[in-house]
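The values are calculated or read from the model by the stated rules, or taken from the named source; none is laboratory data. This one's a predicted model, so the numbers in the text were calculated from it and none came from an experiment. Neighbour counts run over all protein chains shown; Cβ positions are idealised from the backbone, glycine included. What goes into the accessible areas is simple: the full protein's heavy atoms, side chains included, and nothing from ligands, DNA or RNA. Shrake-Rupley method; radii C 1.70, N 1.55, O 1.52, S 1.80 Å.
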Amino acid sequence: MEKKIKRDISTTGDIKFANLKVTEPSSYAAGTAAIKKTLEHLNKEVGLFKSLSTLSSMNQKDGFDCPGCAWPDPEEPSKLGEYCENGAKAIAEEITPERADKTFFEKYSVEEISRWTDMQIGKSGRLTEPMLLPPNSAHYVPISWAAAFELIANELHKLDSPDEAIFYTSGRSSNEAAFLYGLFVRAFGTNNMPDCSNMCHESSGVALGETLGIGKGSVTLDDLHEAELVIVIGQNPGTNHPRMLSALEKCKNNGGKIIAINPLEEAGLVRFRNPQKVNGILGSGTTLTDIFLQVKINQDVALLKLVMKRLLSKEREGEAVFDQDFIKSKTAGYEELISNLDSYSEADLIQSCGVPSKKVDEAVELLAKKNRIIICWAMGLTQHKNGVDNIKECVNLLLLKGSIGKKGAGTCPVRGHSNVQGDRSVGIMHHVSKPLNLALKKVFCFEAPKKEGLDTVHCIKAMYEGHAKVFIALGGNFVSAASDTNYTAKALQNCDLTVSIATKLNRGHLITGKTALILPTLGRTELDEVRGNQQFVTVENSMGKVHQSSGGRKPISKALKSEPSIVAEMANAYFEGNHQVDWLRLGENYELIRNKISEVYQGYEDYCIRSKGSGFYLPNNARVGNFSKLPGGKAQFSVNKLAEHLLKKNDFILMTIRSHDQFNTTIYDMNDRYRGIYGERRIVFMNSEDMKSMAIQDKQVVNLTSNYNGVLRRAEQFKVISYNIPKGNLAAYFPETNVLVPINEFARKSNTPISKSIIVQIETTID
Ligand SMILES: Nc1nc2c(c(=O)[nH]1)N[C@H]1C(S)=C(S)[C@@H](COP(=O)(O)OP(=O)(O)OC[C@H]3O[C@@H](n4cnc5c(=O)[nH]c(N)nc54)[C@H](O)[C@@H]3O)O[C@H]1N2
Ligand SMILES: Nc1nc2c(c(=O)[nH]1)N[C@H]1C(S)=C(S)[C@@H](COP(=O)(O)OP(=O)(O)OC[C@H]3O[C@@H](n4cnc5c(=O)[nH]c(N)nc54)[C@H](O)[C@@H]3O)O[C@H]1N2
Ligand SMILES: [Mo]
């Protein structure tokens, strides 16, 4: 009989402190240091020649789209190269010569790899052939593609109901792969399509959909250049969207002003030294932020109400600060908003948000005079219990100023993954859409399921409770990205089969169901040839522009398949060739997939032709000020409550953020240069007065705990760093701190985990 091997898998890796060095935070972003660091990183990881020749075609019209963030490319990309330090790191990660191949898996057991840090796991290299982890085995072993597809098909056939399967998507997949995947999942019979959006901008989608009739932002890059005032709230563009700094610089050069609202004074928002300009390299660069409002974590609604109250006072005093014509003709709910603002006392709001009253006045003065206003935001607003309210409050401010549907004004939720918005547009969605179901029936002649699917949080619960048994992921690192790491780990381990379609090894490949498969896929930089025919894919950027992406590098291994081919072959194996959709044909010719997308969705007419070159914008009702789909045909003001946190003595609010050297769960290196942290990630930023009152020394090692409804969760061993952060607030990096986020704590309406406002305690005595 086969010997049973119990796998003892670590969800964190062994904790070993390295050499932590702390300096003053940087007072600017980019500059020559960014160029130096980029070159050093590329040289170390890949070699300079290979990396620079690949980078030269990134974000160019005939090249590939950066697999990093979703920031749009300018109409005329820079000849010097249209990429940033972090885009270059994303590429180095993909074009690394290291290979996690069958010899690697022979050498290291799953358990052994799980003891490594996330960075070490990622650095083991590209996945090169399909691998199988059989039940009770210690090692992954090679499997043929055909056998892998057959195994998946068999497990899916075994289920009592299609709703026992879950199909996750991360945001790097192309429109073609995502459309085909969504089509297969619906043809299979479920809407269980959680995606990384559920943990990311879902709150933005819900809030914008309800207030403006479209769950996407309304501005273009030109609008940002032409804005009179840009508010950057809950976002750290210097690290996460570095090319946005060039747009902000342009706005400043055109006379625009910038207000930054953040608990941290992030370097990228202070000053930008554009590495492509003489002044950026030799001079001091451009000061970006004119007014910095250091808000307490999750007190943005209080601050925004205070701002609107003061604007209202001016309006009442006869200064025309609101756009009354716009309010009358285009909006509903103004009176309710005004009486809500009247119900708060200024003193209470000042106390809640923690911003000095004078600073708020400076912002109000600017807002009063400007009409072309854009609000940009990211995870600092979305990942709270009241994430949806945060964004609705931003919309209130824009509507009062008439700053929607005109040039230089509007909403700018800055998306994370490079194609997360596109994946959603072409069908990755757990909600039921009647128009989509009708279109699928017309174009593909099948009935799509009418039952709502599960989002990220709810599919974890379903797996935990044994209601879902097969988990398939198109990209991503679900276990490390999702909340409540240990709970999520158990949920996945409960499954009969977990499958990951991926480019690189990650912890998600170690914390698996009884049987697990890794299906290796091509990356963005690689040449995609199916039966000798070169294919390209399309993606949608953060501003709703769709364009092509085509890689040119020789794939790291001949055994890789493209995402559309993998999805097509998986579908074909499941339907055993008996289905009205010719899956294999679609998987071989993406032009056919694009034709089907344009038959199913509006706005993709002549898709194949229009996506070439710099691409085309999808229709956007908010951009053109058309709110006809909303009640009464009007944009909706909303009444939102203040955030509520019932804090006990010695409770803190923790936000989990990204360092400058990571892309979500992929850790490029151990530094966070702009915040002055080198060599260590297990750190927690704390206000010096809080440290004093708890008698905590700089670099003291502590544990963080969270205790919701009597369940104690613990993240062990973090070094405390004294930092300029509001009292009562803490910051630490994810994924190390995801273990603290309770599975049942998520935003109202959007179900996004509360990764930015976790109530935690500090344990100072460690055995
Ligand atoms: N290099 C790099 N680029 C990336 C990523 C990456 O990991 N690395 N990730 C990509 C993805 S998927 C995403 S979604 C984006 C994320 O981009 P960001 O949202 O910029 O990323 P975070 O590090 O989560 O930073 C959130 C910011 O919000 C602030 N903040 C936290 N809580 C609050 C609050 O309550 N109020 C306010 N006003 N501010 C708050 C934090 O101080 C921090 O500056 O970046 C994308 N781009
Ligand atoms: N505590 C806390 N948790 C968070 C957040 C937070 O701020 N705080 N942020 C949340 C956010 S905004 C997001 S978007 C999620 C991210 O969640 P995910 O998208 O699930 O995670 P990533 O780390 O981006 O996924 C990285 C993996 O994707 C695979 N990959 C990379 N490129 C490709 C490709 O081209 N194709 C395929 N098939 N695979 C590829 C690689 O194997 C890599 O290891 O995390 C969320 N989790
Ligand atoms: Mo994200």
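If the cut-off is a Cα-Cα distance under 12 Å, which aspartates and glutamates reach Lys634, setting aside same-chain residues fewer than 8 apart in sequence?
By straight Cα distance, Lys634 reaches Glu210.
At 0.36 nm per residue, minus the direct Cα-Cα distance, what do Lys107 and Ser693 gain on full extension? Give it in nm, one decimal, please.
That works out to 206.0 nm of additional length.
So in the chain, what percent of DSSP beta bridges are antiparallel if you round to the nearest 5?
Once the DSSP bridges in the chain are tallied, antiparallel ones form about 45 percent.
Express the relative contact order of the chain as a whole percentage, based on alpha carbon pairs under 8 Å and six or more residues apart in sequence.
21 percent
Hey, how many Å between the Cα centroid of the stretch 101-142 and the Cα centroid of the stretch 556-580?
After rounding, the separation between the Cα centres reads 23 Å.
Once the piece of chain linking Lys277 and Asp342 is laid out straight, how much longer is it, given 0.36 nm per residue of separation minus the C-alpha distance between them?
Once the chain is fully extended between Lys277 and Asp342, it gains 18.6 nm.
Within the set of other residues whose C-beta is less than 12 Å from the C-beta of Gln636, count the net charge using Lys and Arg as +1 and Asp and Glu as -1.
So the environment of Gln636 carries a net charge of +2.
Using the Cα centre as the reference, give the magnitude of the dipole from point charges on the C-beta atoms of the stretch 685-750 (Lys, Arg: +1; Asp, Glu: -1; all else neutral), rounded to the nearest 20 debye.
160 debye
Using helices alone, what [θ] at 222 nm do you get for the chain, with -39,500 (n - 2.57) per DSSP H run of 4 or more residues, divided over all residues and rounded to the nearest 500?
Helices in the chain give a 222 nm mean residue ellipticity of -10000 deg cm²/dmol.
Among Gly217, Val741, Gly318, whose Cα lies farthest out toward the positive end of the dipole of the chain, if unit charges sit on the beta carbon of Lys, Arg (+1) and Asp, Glu (-1)?
So the residue furthest toward the plus end is Gly318.
Counting pairs of alpha carbon atoms under 8 Å apart in space and at least six apart in sequence, what relative contact order in percent does the stretch 111-177 give?
16 percent
Report the number of Lys pairs in the stretch 405-498 whose alpha-carbons are under 30 Å apart, with separation of 8 or more residues or on distinct chains.
For the stretch 405-498, the number of qualifying lysine pairs is 19.
As I understand it, the dipole of the chain uses +1 on the Cβ of Lys and Arg and -1 on the Cβ of Asp and Glu, about the Cα centre. Which of His431, Trp145, Phe64 lies farthest toward its positive end?
Of His431, Trp145, Phe64, it is Phe64.
Quick check on the stretch 504-660: of the DSSP beta bridges with both residues there, what percent are antiparallel, nearest 5%?
Taking every DSSP beta bridge within the stretch 504-660, about 80 percent pair in antiparallel fashion.
Is there a quick way to get the dipole size of the stretch 652-763? I mean about its Cα centre, with the Cβ of Lys and Arg at +1 and of Asp and Glu at -1; what is the value in debye to the nearest 20?
In total the dipole reaches around 280 debye.
Give a quick list of GluC sites (Glu not before Pro) in the stretch 530-587 that DSSP marks as loop, anything other than H, G, I, E or B, with at most 13 other Cβ atoms within 10 Å.
Sparse-neighbourhood loop GluC sites (Glu not before Pro): Glu576.
Of all the C-alpha pairs in the chain, what % are more than 54 Å from each other?
Within the chain, distances greater than 54 Å cover 6 percent of Cα pairs.
Is there a quick way to get the dipole size of the chain? I mean about its Cα centre, with the Cβ of Lys and Arg at +1 and of Asp and Glu at -1; what is the value in debye to the nearest 20?
Dipole of the chain, to the nearest 20 debye: 560 debye.
Give the percent of DSSP beta bridges with both residues in the stretch 652-763 that are antiparallel, rounded to the nearest 5.
Taking every DSSP beta bridge with both residues in the stretch 652-763, the antiparallel ones total about 70 percent.
Estimate the FRET efficiency between His579 and Lys514 by the formula 1/(1 + (r/R0)^6), using the beta-carbon distance for r and 30 Å for R0, to the nearest 0.05.
After rounding, the FRET efficiency stands at 0.60.
Compute the acute angle (0 to 90°) between the alpha-carbon long axis of helix 434-444 and the principal axis of greatest extent of the alpha-carbon atoms of the chain; round to the nearest 10°.
30 degrees
Starting from the eigenvalues of the Cα gyration tensor, five times each then square-rooted, give me the equivalent ellipsoid semi-axes of the stretch 279-359, largest first, whole Å.
Over the Cα atoms of the stretch 279-359, the semi-axes work out to 30, 20, 12 Å.
What residues have an amide H closer than 5 Å to that of Thr538, excluding those fewer than 5 places away on the same chain, when H is modeled at 1.01 Å from N in the peptide plane?
Asn175, Glu176, Ser549
With every protein chain kept in the model, how would you rank Thr666, Thr287, Thr512 by accessible area, 1.4 Å probe, largest at the top?
Putting Thr666, Thr287, Thr512 in descending order of accessible area: Thr287, Thr666, Thr512.
Using a 4.7 Å Cβ cut-off, which Cys residues in the chain lack a partner cysteine?
Taking the Cβ cut-off of 4.7 Å, the unpaired cysteines of the chain are Cys66, Cys69, Cys84, Cys196, Cys200, Cys251, Cys353, Cys394, Cys445, Cys459, Cys495, Cys608.
Determine the alpha carbon to alpha carbon distance for each of Lys16/Lys44; Lys309/Lys756; Lys392/Lys719; Lys305/Lys749 and list only those over 31 Å.
Lys392/Lys719
Can you list the aspartates and glutamates whose alpha carbon is less than 18 Å from that of Lys107, not counting same-chain residues fewer than 8 positions off?
Within the straight-line cut-off, Lys107 pairs with Asp8, Glu98, Glu129.
Which log10 I(q)/I(0) values does the stretch 652-763 give at q = 0.09, 0.10, 0.15, 0.23 Å⁻¹ under the Debye formula, counting every alpha carbon as one identical point scatterer?
The computed values of log10 I(q)/I(0) come out as -0.23, -0.28, -0.63, -1.36.
Two decimals is fine: what is log10 I(q)/I(0) at q = 0.11, 0.12, 0.14 Å⁻¹ for the stretch 202-413, from a Debye sum with one equal scatterer on every Cα and no solvent?
For the stretch 202-413, the Cα-only Debye profile gives -0.49, -0.58, -0.80.
So who's got an amide H within less than 5 Å of the one on Ile677, skipping anything under 5 residues away but keeping other chains? H placed 1.01 Å off N, in plane.
Long-range HN contacts for Ile677: Thr23, Asp672.
For helix 357-369, what angle does its Cα long axis make with the longest principal axis of the chain, in degrees from 0 to 90 and rounded to 10?
Taking the Cα atoms of the chain, the angle to 357-369 is about 90 degrees.
Using Cα pairs closer than 8 Å and at least 6 residues apart in sequence, work out the relative contact order for the stretch 202-413, in percent.
Answer for the stretch 202-413 is 32 percent.
Among Ser557, Leu517, Val539, whose Cα projects farthest towards the positive end of the dipole of the stretch 517-570, with charges put on the beta-carbon of Lys, Arg (+1) and Asp, Glu (-1)?
Farthest towards the positive end: Ser557.
By how many degrees, 0 to 90 and rounded to 10, does the Cα axis of helix 244-253 deviate from the longest principal axis of the chain?
That works out to roughly 30 degrees.
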